[in-house]
Amino acid sequence: MPEGMDLFEAIHTQRAIRSFRPDPVPDHLITTLLEAAVKAPNGGNVQDWRFIVIRDREIKRKIGELYRTGTRSKIDPSWPAQRRRIYTAAQQLEDHIEDVPAFILVLTKPYPGEPNPGAMVFPAVQNILLAARGLGLGSVLTVRQSRHEQELKQLLDIPEDMDTAALLPIGYPAEGTRYGPTSRKPLDEVVFDERWGNSWRS
């Protein structure tokens, strides 16, 4: 992270960035993101994650076509303003995802009987998102690619024993796009003390 970027500052200001400048992201910054990813905790230290960095325009175009397949939803004017903003930004990304400078496709190997298949890879995803914030890059967690698993496997020669977990667009935030602070529900709405229903007192 750049000098002066405190960990908790990154946590509190990292947010979904869905609009990007066209500037390419240097290899050394992509490498920094991936180095952060592989430092994430994972059960048994098995490290059954893999990452594909995608910058080729034609491959991104094909992924964009899959990403847009059957997903468009109409924005309801009655929705709260924040929800309308999120959906508008998501549609902007959907329409122009192939223009994002780079993708990181996150893969994992699921195991039969595992209660939450692929869950162990998401600390690595969060490390990428936080590292991107620290480097002045933007990204957003998307999982829509899983709807087109077989097509992606064929397109990218992914083995059958690996599943896609997330597709992370990576780039510099577009002009006018800002980082946090983010708005979240207060702790007393989501945290209980000892058992369900007991208020948490911070």
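The values are calculated or read from the model by the stated rules, or taken from the named source; none is laboratory data. All figures in this text were calculated on a predicted structure; none of them were measured in a lab. Every residue, glycine as well, gets a Cβ built from its backbone with ideal geometry; the counts of neighbours run over all protein chains shown. These accessible areas exclude ligands, DNA and RNA; they are computed on the full protein's heavy atoms, side chains included. Shrake-Rupley method; radii C 1.70, N 1.55, O 1.52, S 1.80 Å.
Hey, can you tell me all the residues within region 15-55 that are among the polar types (S, T, N, Q), at pLDDT 90 or above and either under 24 Å from PRO110 (Cβ atoms) or under 15 Å from the mean Cα position of the chain (by Cα) (or both)?
Answer for region 15-55, where residues must be among the polar types (S, T, N, Q), at pLDDT 90 or above and either under 24 Å from PRO110 (Cβ atoms) or under 15 Å from the mean Cα position of the chain (by Cα) (or both): just SER19.
Of all residues in region 184-202, which are assigned to a helix (DSSP H, G or I) and exposed (fewer than 10 other Cβ atoms within 10 Å of the Cβ)?
Hits for region 184-202 are GLU189, VAL190.
Could you list, in sequence order, the residues of region 23-51 that are of a type in the set (Val, Ile, Thr) and outside any helix (DSSP H, G or I)?
Correct list: VAL25, VAL38, VAL46.
Which count do you get for residues in region 150-178 that are open to solvent by 30 Å² or more (accessible area, probe 1.4 Å) and not in a helix (DSSP H, G or I)?
10
Could we say that ARG133 is outside any loop (DSSP other than H, G, I, E, B) and under 22 Å from ASP6 (Cα atoms) here?
yes
Kindly indicate whether PRO181 is in contact (Cβ under 8 Å) with a residue 12 or more places away in the chain and either in contact with a Ser or Thr (Cβ under 6 Å, 6 or more places away or on another chain) or in a loop (DSSP other than H, G, I, E, B) (or both).
Criteria met by PRO181.
Given the conditions (1) in contact with a helix residue (DSSP H, G or I) (Cβ under 8 Å, 6 or more places away or on another chain); (2) hydrophobic (A, V, I, L, M, F, W, C); (3) buried (at least 16 other Cβ atoms within 10 Å of the Cβ), which single one is not true for TRP79?
Answer for TRP79: the failing condition is (3).
Suppose we keep only residues that are within 24 Å of GLY176 (Cβ to Cβ) and touching a Pro at 6+ places or on another chain (Cβ under 7 Å) within region 23-66. Which one would you say is surrounded by the fewest Cβ atoms within 10 Å (Cβ to Cβ)?
ASP23
At pLDDT below 90 and touching a Pro at 6+ places or on another chain (Cβ under 9 Å), is that true of TYR172?
The answer is no for TYR172.
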